[in-house]
Amino acid sequence: MNKKEELIKQIQTVINILEKEYSQEINQGVLQLIYKRYKNAQRIIQNNEDLQKILIIGGVRAYLDSYNDYLNPFLDELHKAESLLKEMLS
């Protein structure tokens, strides 16, 4: 699997977690922002647009600033997506 396919899969993983585990919270606050950015990232990749337009980097920090839940496994998934994007942009 190439990096782009990994990123697509990881973005979908984050979206799935948000929709299943945070369905009420994704309509407001920082989770809404993260959700919108990941949905936008998904659209950008599907339309073969410039990856520089993807704005998911910083989601981990935004989550922690709002929830202070350092042990949440969701953070690992956000981190994986951000790391893959950083690799592709460098």
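The values are calculated or read from the model by the stated rules, or taken from the named source; none is laboratory data. Owing to the predicted nature of the structure, the values given are computational and were not obtained by experimental measurement. Don't worry about glycine lacking a Cβ; one is built from the backbone with ideal geometry, like all the others, and counts go over all protein chains shown.
Observations
- Residue-level check: of (1) assigned to a helix (DSSP H, G or I); (2) without any contact (Cβ under 8 Å) to a residue 24 or more places away in the chain; (3) of a type in the set (A, V, I, L, M); (4) closer than 21 Å to residue 4 by Cβ, residue 60 misses just (4).
- Some residue of region 73-90 being at pLDDT 95 or above, of a type in the set (Gly, Ala, Ser) and out of contact with any strand residue (DSSP E or B) (no Cβ under 6 Å at 6 or more places or on another chain): yes
- Qualifying residue in region 58-79 (condition: among the hydrophobic types (A, V, I, L, M, F, W, C) and touching a His at 6+ places or on another chain (Cβ under 8 Å)): yes
- Just one of the listed residues (4, 20, 9) is exposed (fewer than 15 other Cβ atoms within 10 Å of the Cβ) and under 13 Å from the mean Cα position of the chain (by Cα), namely 9.
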